[in-house]
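One structure is given below, encoded as structure tokens.
The values are calculated or read from the model by the stated rules, or taken from the named source; none is laboratory data. Every value quoted in this text rests on a predicted model; they were computed, and no experiment measured them. As a convention, Cβ positions derive from the backbone with ideal geometry for all residues, glycine included, and neighbour counts pool all protein chains shown. Heads up: the accessible areas ignore ligands, DNA and RNA and are worked out on the full protein's heavy atoms, side chains in. Shrake-Rupley method; radii C 1.70, N 1.55, O 1.52, S 1.80 Å.
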Amino acid sequence: MAVVFDFEAGKEFHFASAFARRFDSKVTSDRVFLPEMLGEGFIREIYLNNGLSLCLHHYRLKQEFILRRHVSEATNVLTMKFDGRRMPARSKEGTKESLFIAGKGYEVEFGTSNFFTEVKIPPGEEIIFLVIVTTRQVLLDLLQLREEGSVMENTIRDNPSFFLREAMTREMEQTLKRITLINEATKLPALLYQTRAQELIYFLFTRLFSRKTGISLSVNQEDVRKIYQVRASILADLSTPPQLPDLARNIGMSLTKMKQLFRQIFGDSIYNYFQVERMNEAAQLLRDFSVSQVGYSIGFSNLSHFTRLFEKHHQIKPKRYKDTLHEAPLPV
């Protein structure tokens, strides 16, 4: 049976302390260790003098652990979750399943804290994710935006309820791993935590500011649930282009609103998102299958078309990409 930890985030909430109380432990040097029955590792909470707080999860579980963040009325509190969990799903011999389970980990979520979220963390995997908590004004002061009135500035300053999602980049992953290496022996650890946290925020907002979005709509829990349902439908079958009218009808939302909210949350149109995930899936499958097998399995009857799209997305032809996998290990 899974172990469940319920909490409500707010300005005065201390995750490590609440976790310690729940599992009859104690916080030492900003860190609380997992009880033996749950696993090995720790949760560390750091409060910086620039108005940011960090909550680092780094552990390996013995049993499933579920984190449930309940709705908070503190809409001035913003959270950024950098989830470095890669969930391996090694394909069974003779099948063509993805190497990674779609939509579980390896992503960044940014938004107000007035959403219910549930994170299911499986046993046996190394878990690394970081939550940065701040307020609207602290974030605006940190970003020092020069373009007043931009969509992103208005979102941060005025949108009462928003939720944005980005994919983890290589730079974010490397910075996140460097944060896990900071310990008691590190010189000037507080300064280094602050530097690395701001580095993550920089990487996130360079991507968010590159988005081509218009207005910023306020969203509620049900809106987010429905848009994630659309995403799940897309990822469930990357061999078939999404049919937008069917998707809108399935979630009970107008076509216009569905397209607006999907672009706002994920930063791209539904069709472009499908193509990006399709090419990412192809790159993963090329580790175990031939170029033709991969092309056909994700819905291409014309392998030349598959090659062109793959090269456009990854800047390398699929055959050459597959060859590089055997030449040297992929960089971390």
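Would you list E8, E109 from the most to the least accessible area, probe 1.4 Å?
The ranking, largest first, comes out as E8, E109.
Could you rank K319, K257 by how accessible they are, 1.4 Å probe, largest area first?
K319, K257
Evaluate the chain: find the radius of gyration of its Cα atoms, find its Kirkwood radius, and give the ratio Rg to Rh. Write out the running numbers ahead of the final one.
Values: Rg = 20.9 Å, Rh = 21.6 Å.
Using Cα coordinates only, the ratio equals 0.97.
Any idea of Y106's accessible area? Nearest 10 Å², probe 1.4 Å.
50
Show me the ranking of peptides 73-79, 132-138 by mean Cβ neighbours inside 10 Å, starting with the highest. Don't skip to the end; give the middle numbers.
On the way: 73-79: 16.3, 132-138: 18.0.
The most tightly packed comes first, giving 132-138, 73-79.
Run the helix sum for the chain: -39,500 (n - 2.57) per DSSP H stretch of 4+ residues, divided by residue count, reported at 222 nm to the nearest 500 deg cm²/dmol. Each step should come with its number before you reach the end.
Details: 12 runs with 136 residues, N = 332.
For the chain, the value works out to -12500 deg cm²/dmol.
Going by alpha carbons, how many degrees (0 to 90, nearest 10) lie between the helix axis of 170-180 and the longest principal axis of the chain?
30
Compute the relative contact order of segment 234-332 as a whole-number percentage, counting only Cα pairs closer than 8 Å that sit 6 or more residues apart in sequence.
On the way: 67 pairs, mean separation 24.5, N = 99.
Here the relative contact order equals 25 percent.
Excluding G39 itself, what net charge comes from residues whose Cβ is under 12 Å from its Cβ, given Lys and Arg +1 and Asp and Glu -1? Each step should come with its number before you reach the end.
Details: positive: R60, K62; negative: E36, E40, E64, E125, E126.
My count for the surroundings of G39 gives -3.
What angle, in degrees between 0 and 90 and rounded to the nearest 10, separates the Cα long axis of helix 303-314 from the longest principal axis of the Cα atoms of the chain?
For helix 303-314, the angle is close to 30 degrees.
So what's the angle, to the nearest 10 degrees on a 0 to 90 scale, between helix 270-285 and the longest Cα principal axis of the chain?
80
Protein chains only, probe 1.4 Å: how do M279, M37 rank by accessible area, largest first?
On the way: M279 5, M37 95 Å².
Most to least solvent-accessible, the answer reads M37, M279.
For a quick check: with amide H placed at 1.01 Å from N, whose amide H comes under 5 Å from L145's, ignoring anything fewer than 5 positions away on the same chain?
none
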